[in-house]
1. Tell me, yes or no, whether the stretch 44-61 has at least one residue that is surrounded by 12 or more Cβ atoms within 10 Å (Cβ to Cβ), more than 9 Å from the chain's Cα centre (by Cα), farther than 30 Å from VAL2 by Cα and not basic (Lys, Arg).
2. Across the stretch 22-42, what is the number of residues that are in contact with a Ser or Thr (Cβ under 8 Å, 6 or more places away or on another chain) and more than 14 Å from LEU62 (Cα to Cα)?
3. Quickly run through the stretch 1-43 and pick out the residues that are of a type in the set (Gly, Ala, Ser), surrounded by 13 or more Cβ atoms within 10 Å (Cβ to Cβ) and out of contact with any Leu (no Cβ under 8 Å at 6 or more places or on another chain).
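What follows draws every value from the coordinates through simple rules; no lab data is involved. Bear in mind the structure is a predicted one, so any value in this text is a computation, not a measurement. Neighbour counts are summed over all protein chains in view; Cβ atoms, including those assigned to glycine, are modelled from backbone coordinates with ideal geometry.
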Amino acid sequence: MVTEYLTTISQLMGMPIWTFISLLLWETTWKLIALWKSARKGSLIWFIILAISNTMGILPILYIFAFSKMKCCEIKSKKNSKKKITKKRK
């Protein structure tokens, strides 16, 4: 049943089934890694964007290697820790 479904989709797209399965595995692998990283960092916006979008691995790869390493998240966490320190002193 699944092979018939995959065969039909690959034929509609005009590509061999092995190419379609390769692209499917490529997208799924990168998406899962990016979703895991965004969840671990607590980045809800990125998690939602990555879960919804289907860009054949381009957006997840960009997130993993570029956006997840940005300093903005560290700045926000430092601000929150300073607020906690000042509240404790009062």
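1. Checking the stretch 44-61: not a single residue is surrounded by 12 or more Cβ atoms within 10 Å (Cβ to Cβ), more than 9 Å from the chain's Cα centre (by Cα), farther than 30 Å from VAL2 by Cα and not basic (Lys, Arg).
2. Result for the stretch 22-42: 1.
3. As a first pass, look at the stretch 1-43 and keep what is of a type in the set (Gly, Ala, Ser): 10, 14, 22, 34, 38-39, 42-43.
Pick out the ones that are also surrounded by 13 or more Cβ atoms within 10 Å (Cβ to Cβ) and you get 10, 34, 38-39, 43.
Within the stretch 1-43, SER10, ALA39, SER43 meet the criteria.
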